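What follows is a set of notes on a single structure, which appears directly below.
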Amino acid sequence: MALEIMEGSIAVAQAVRRCRPQVISAYPITPQTHIVEALAEIVANGELAADYITVESEFSALSACEGAVAAGSRAYSATTSQGLALMFEVCFNMAGLRLPLVMTIANRALGAPLSIWNDQQDSISLRDSGWLQFYAEDNQEAVDLHYIGYRVAEDHRVLLPAMVCFDGFILSHTYEPVDMLSQEQVDAFLPPFVPKFMLDAKAPVSMGMYATPDYYLEFRYETDQAQKRAIDVIREVGCEFGEQFGRDYSALIESYRMEDAETAIVALGSICGTTKDAIDEMREEGRKVGLVRIRCFRPFPAEDLKAALAGVERVAVLDKNVVLGAGGSTARGAMALEVKDALYGESIPVLDYIIGLGGRDVRLEDIKKVVALCEQGEGDRFYGLRTEVL
Amino acid sequence: MAIGKTCELFECGHRACGGCGAALAGRLLLKAAGEETIVVSSTGCMEVFSTPYPETAWRVPWIHSLFENASAVASGIESALKQQGRKEKVVVVAGDGATLDIGVLCISGAFERGHDITYICYDNEAYMNTGIQRSGATPYDASTTTSPAGKVSMGNRRPKKDMPRILAAHGSPYVATASIAYPADFMQKVEKAMNTEGPTYVQVHAPCCTGWGFDGSQTLAIGKLAIETGLWVNYEMVDGEVTKAKKVVKKPVEEYLKEQKRFRHLFKPTLQVEEIAKIQAIADRNFERFGTEIKLPPKKDAVVE
Amino acid sequence: MALNVGCAAAPGQSRDNKTGSWRVFMPKFDPSACSKCGMCQLVCPEGCIRETEEKEFVPDYDYCKGCGLCAEECPKKAITMEQEEK
Ligand SMILES: Cc1ncc(C[n+]2csc(CCOP(=O)(O)OP(=O)(O)O)c2C)c(N)n1
Ligand code: SF4
Ligand code: SF4
Ligand code: SF4
Ligand SMILES: [Mg+2]
């Protein structure tokens, strides 16, 4: 294993190159830009035989990818925030048409107010779109999830597009050591795309027909079933990846120091790194705190989560998003809603903390404070508000 | 080629209104395009009447994504075909609303990038699928459900947007207008567009009996009148220059207008002389711009002694 | 019938929808007046007129909607629209 120190975006671009997409279409937006610039360079230097479509908008970027996949090519895109919001309609459409793709999301806040900094409101807002959603804790994971993402998305039991999300700036612009697999290794793991159906004059099909009320419900059911089937496919593919390369991705969640934990933190993405450090310190102080990190948010591993949280006394959810208007007089993020749903009927209090929005730094002390608040039964609120400006 | 009993790539059993100009356009363009064609449709009448699951009328590979992104989807398909070394042609078939209004962003991008696609806009001059609302292609004074004629309204306030010129300005090597009233001409233009490399455009006038208010048996007759009055011009532009335009013996615009319910308010309850004069001026400008009027030698009046 | 993934379907299945039931007027073709110009076939929006081996043009009444375009465009007036008796 040869570790290379590289910027997250560059590592992702190199991983994408090794996945051999035939068509790349993306539009620049901070903090995703380095990825698409690096890929443009890779294509320009003849290091990847792909057509790079320089579209006029994210809306066309994803639409072009949709066309390319429908015609039987592996495709790739990347975006964030406003760009993803502009893709909204195409996102639902691609999932409904069951066209697999991997799209990197360098997570960023959504305006207004305009913010180029990190939170996860963008991809979380597309949780109902039918896309698979993976969230990376570090750049190694961000890279590996691209290989795994294509395998799962293109699996005929699944056939759904996938977002590989990693936190904008925090990961995308950070230099970390990464084990880049060789092209041969990736080729051995990720075979060429074999579509289940495609646009081909030799065997014509009609794609994207409209469904009357006699069929629509069943199509939605089938797409939901594909999400459910993806759970097992992810386990299978993640396990295979582990066997081949020594990094196991068979679990959709990761439990960290959860043995005998009384307070469990549930979180998503890079915040988990800081959280683990905070937990280590708290453990040294004798406090029984653990973390359940969710790597795959769609499909949501509700049963796994329930099992991982069995026996804890309380749960603190860190949400880098907010579901505006949810929760009555209290605040809610999307993950807390999922966690509460997974634990429904258990008498484990779940408290939510809307944290780190729009690039607000989340430090080790903040995690400790959240745990303290949770132990006092206080939560379901924005954490770290600067009350002096309110 | 032997497909079905009636040898058509656009199959019977679709749900268009009887006498639908758009359906005829679909049929004719597939006849011209042939089997080695991948069609991308936008949301609209054509898509809806031809593809309620699973009863598709298309016998060529066909995809519908959204109302406004057909040209971007086509870009991706064309790119994928190139990468795979495949030879099929990519044809967009989209309504005037999809083309002149909501899809302009994607079309502009696709044409500027120079994809090898043929874009065919069937122009029925309104959003028909959603119930006859105005579009950028709705002609001056036409009454639609969002530009209704009323006590203080004469209908649609703007003339048709000049999409052919907009796309020619993008550097399209071949832009043409056609009408389903002249099927052979339309099919030739489709073939020519498809055989010209790069992004090409054909806007085909496709009268809509339901939306315009005339009997379905008159679809071709109405299309011909549009041309004879100068309110529609069949022409070709090669590399931005008009190279050909169909010449006609000029008829007054009333002959076209009075046949359609969407212009009825120009005749009843009172004859709107001024408004009709404005429409005549639009036609006159077309005759002038394209030089399409055939001047007949003055008739020799019977000699009165 | 099993649902096709992604709402995709095999081509040409609209044939299962017999639009002939929409018809109010029926085109009647008079072969003796016909010049075999093929205009009717070209302009039928349904594409339901075919040429038989005997070189006669006949509509497929399973699909003909009775729009009357063929009759209107026939240069020989060889097609007449008649009220359909059902
Ligand atoms: C984003 C979006 N906005 C609005 C609609 C509703 N809609 C569907 S088809 C249509 C009009 C289509 O008009 P046109 O392109 O002219 O095709 P036609 O129906 O006239 O053949 C509209 C407004 C939609 N499907 N998507
Ligand atoms: S409304 Fe017009 S365009 Fe739509 S199917 Fe009917 S005739 Fe054709
Ligand atoms: S009446 Fe209309 S549908 Fe029937 S054959 Fe004639 S043109 Fe075709
Ligand atoms: S249009 Fe009339 S003359 Fe021509 S083939 Fe048809 S029936 Fe015969
Ligand atoms: Mg229209």
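What follows draws every value from the coordinates through simple rules; no lab data is involved. Since the model is a prediction, treat every value here as computed from it, not as a measurement. Note that we place each Cβ from the backbone using ideal geometry, even for glycine, and neighbour counts take in every protein chain shown.
With a/c under 1.5 counting as rounded, go ahead and sort region A:253-389 into rounded, prolate or oblate using the C-alpha gyration tensor (a ≥ b ≥ c being the square roots of the eigenvalues; past the cut-off, prolate if a/b is larger than b/c, else oblate). Don't jump to the answer; show the numbers that get you there.
Details: a/c = 1.42, a/b = 1.09, b/c = 1.30.
Rounded is the answer for region A:253-389, as its axis ratio a/c remains below 1.5.
Give B:LYS160/B:LYS251; B:LYS189/B:LYS261; A:LYS288/A:LYS340; B:LYS31/B:LYS224; B:LYS192/B:LYS299; B:LYS246/B:LYS299 a once-over and call out the pairs whose C-alpha atoms are over 29 Å from each other.
Among B:LYS160/B:LYS251; B:LYS189/B:LYS261; A:LYS288/A:LYS340; B:LYS31/B:LYS224; B:LYS192/B:LYS299; B:LYS246/B:LYS299, the Cα-Cα distance tops 29 Å for B:LYS189/B:LYS261; B:LYS192/B:LYS299.
Averaged over peptide C:17-29, how many Cβ atoms belonging to another chain are found within 10 Å of each residue's Cβ?
2
GluC sites (Glu not before Pro) within region A:1-66: which are DSSP loop residues with at most 14 other Cβ atoms inside 10 Å? Write down the numbers at each step before the final one.
On the way: sites: A:GLU4, A:GLU7, A:GLU37, A:GLU41, A:GLU47, A:GLU56, A:GLU58, A:GLU66; in loops: A:GLU47, A:GLU56.
Here the sparse-neighbourhood loop sites are A:GLU47.
Please order C:THR52, B:THR292 by the number of other Cβ within 10 Å, starting at the fewest. Each step should come with its number before you reach the end.
Values: C:THR52 9, B:THR292 18.
Ascending Cβ contact count within 10 Å gives the list C:THR52, B:THR292.
Taking the Cβ of B:PRO52 as the center, what net charge do the other residues with Cβ under 15 Å away carry, scoring Lys and Arg +1 and Asp and Glu -1? Can you show the working numbers first?
Working: positive: B:ARG15, C:ARG15, C:LYS18; negative: A:ASP214, A:GLU218, B:GLU11, B:GLU47, B:GLU55, C:ASP16.
Around B:PRO52, the surrounding residues sum to -3.
Post the alpha-carbon centroid distance, region C:9-86 to region A:158-199, in whole angstrom.
Here the answer is 55 Å between Cα centres.
What ranking do B:LEU29, B:LEU9 get, fewest neighbouring Cβ atoms within 10 angstrom at the top? Write down the numbers at each step before the final one.
Details: B:LEU29 29, B:LEU9 25.
So the ranking, lowest neighbour count to highest, is B:LEU9, B:LEU29.
Where both residues lie in region A:253-389, what percent of DSSP beta bridges are antiparallel, nearest 5?
Working: 4 of 20 bridges.
For region A:253-389, the DSSP antiparallel bridge percentage is about 20.
Can you pull out the trypsin sites (Lys or Arg not before Pro) in region A:294-390 that DSSP calls coil and that have at most 14 other Cβ atoms within 10 Å?
On the way: sites: A:ARG295, A:LYS306, A:ARG314, A:LYS320, A:ARG332, A:LYS340, A:ARG360, A:ARG363, A:LYS368, A:LYS369, A:ARG381, A:ARG386; in loops: A:ARG295, A:LYS320, A:ARG332, A:ARG360, A:ARG363, A:ARG386.
When the trypsin sites (Lys or Arg not before Pro) of region A:294-390 are filtered for loop state and at most 14 Cβ neighbours within 10 Å, A:ARG363, A:ARG386 remain.
Build a GNM of chain B with springs between Cα atoms under 10 Å: which of B:GLU236, B:GLU274, B:GLU191 gets the top mean-square fluctuation?
Top of the fluctuation ranking is B:GLU274.
Treating cross-link reach as a plain straight distance, find the lysines whose alpha-carbon is under 24 Å from the alpha-carbon of C:LYS28, omitting any fewer than eight places away in the same chain.
Leaving aside lysines fewer than 8 places away in the same chain, those within reach of C:LYS28 are B:LYS5, C:LYS18, C:LYS36, C:LYS55, C:LYS65, C:LYS76, C:LYS77, C:LYS86.
Report, in whole Å, the centroid distance computed from the Cα atoms of region A:73-125 and region B:144-216.
About 35 Å separates the Cα centre of region A:73-125 from the one of region B:144-216.
Out of the trypsin sites (Lys or Arg not before Pro) in region A:43-126, which ones are loop residues according to DSSP with at most 10 other C-beta atoms within 10 Å? It would help to have the intermediate numbers written out before the result.
Details: sites: A:ARG74, A:ARG98, A:ARG108; in loops: A:ARG74, A:ARG98, A:ARG108.
Within region A:43-126, no trypsin sites (Lys or Arg not before Pro) qualify (loop, at most 10 other Cβ atoms within 10 Å).
Under 15 Å from the 7 Å Cα→Cβ point of A:GLN244, by amide nitrogen: which residues of region A:1-30?
Residues A:15-21 qualify, since their backbone N sits under 15 Å from the label point.
Compute the helix-to-body angle for B:70-84: its Cα long axis versus the longest principal axis of chain B, expressed 0 to 90° and rounded to tens.
Approximately 40 degrees, to the nearest ten.
In nanometres, what is the gap between the two model label sites at B:GLU288 and C:LYS76, each 7 Å from Cα along Cα-to-Cβ?
4.7 nm
Would you mind checking the tilt of helix A:8-18 against the longest principal axis of the Cα atoms of chain A, expressed as 0 to 90 degrees and rounded to 10?
For helix A:8-18, the angle is close to 40 degrees.
Restricting the count to DSSP beta bridges whose residues both fall in chain A, what percent are antiparallel, rounded to a multiple of 5?
On the way: 11 of 46 bridges.
Around 25 percent of the beta bridges assigned by DSSP in chain A are antiparallel ones.
Alpha carbons only, please: Rg and Dmax for chain A, in angstrom.
When restricted to Cα atoms, chain A yields Rg and Dmax of 20.6, 69 Å.
Between A:GLU303 and A:ILE5, what is the label-point separation in nm under the 7 Å Cα-to-beta-carbon projection?
4.5 nm
Using the 10 angstrom Cβ neighbour count as an exposure proxy, how do B:ASP96, A:ASP224 rank, fewest first?
A:ASP224, B:ASP96
Which value at 222 nm does chain A reach when only helices count, each DSSP H run of 4 or more adding -39,500 (n - 2.57), with the total divided by all residues and rounded to the nearest 500 deg cm²/dmol?
Working: 13 runs with 151 residues, N = 390.
After summing the helix terms and dividing by the residues of chain A, the value is -12000 deg cm²/dmol.
Report the residue, chosen from A:GLY328, A:GLY356, A:GLY379, that carries the largest GNM mean-square fluctuation when chain A is represented by alpha-carbon nodes joined by springs under 10 Å.
A:GLY328
Specify whether the C-alpha gyration tensor of region B:182-305 places it in the rounded, prolate or oblate class, a ≥ b ≥ c being the square roots of the eigenvalues: rounded for a/c under 1.5, otherwise prolate if a/b is larger than b/c and oblate if not. Can you show the working numbers first?
Values: a/c = 2.01, a/b = 1.34, b/c = 1.50.
Since a/c reaches 1.5 but b/c is at least a/b, the shape of region B:182-305 is classed as oblate.
Have a look at B:VAL249, B:VAL175, B:VAL91 and tell me which one the Gaussian network model of chain B (Cα, springs below 10 Å) gives the largest fluctuation.
B:VAL249
For chain B, what does the alpha-carbon gyration tensor say about shape, rounded, prolate or oblate, given a ≥ b ≥ c as the root eigenvalues, a/c under 1.5 as rounded, and a/b over b/c as prolate? Each step should come with its number before you reach the end.
Values: a/c = 1.73, a/b = 1.53, b/c = 1.13.
Taking the square roots of the gyration eigenvalues as a ≥ b ≥ c, chain B is prolate.
List the equivalent ellipsoid semi-axes of the protein assembly as shown in whole Å, largest first, each obtained as the square root of 5λ for an eigenvalue λ of the Cα gyration tensor. Please report the intermediate quantities before stating the final value.
Numbers: eigenvalues 685, 142, 121 Å².
The equivalent ellipsoid of the protein assembly as shown has semi-axes of 59, 27, 25 Å.
Helix B:104-113: angle to the longest alpha-carbon principal axis of chain B, degrees 0 to 90, nearest 10?
Helix B:104-113 sits at roughly 60 degrees to that axis.
So what's the Cα pair-distance distribution over region C:29-86, bin width 5 Å, in %?
4, 21, 33, 26, 13, 3, 0
Ratio of alpha-carbon Rg to the 2.2 N^0.38 Å globular estimate for region B:92-159, to two decimals, please.
1.28
In the protein assembly as shown, what percentage of the DSSP-assigned beta bridges are antiparallel, given to the nearest 5? Intermediate values should be presented prior to the final figure.
On the way: 31 of 96 bridges.
If we restrict to bridges inside the protein assembly as shown, about 30 percent are antiparallel.
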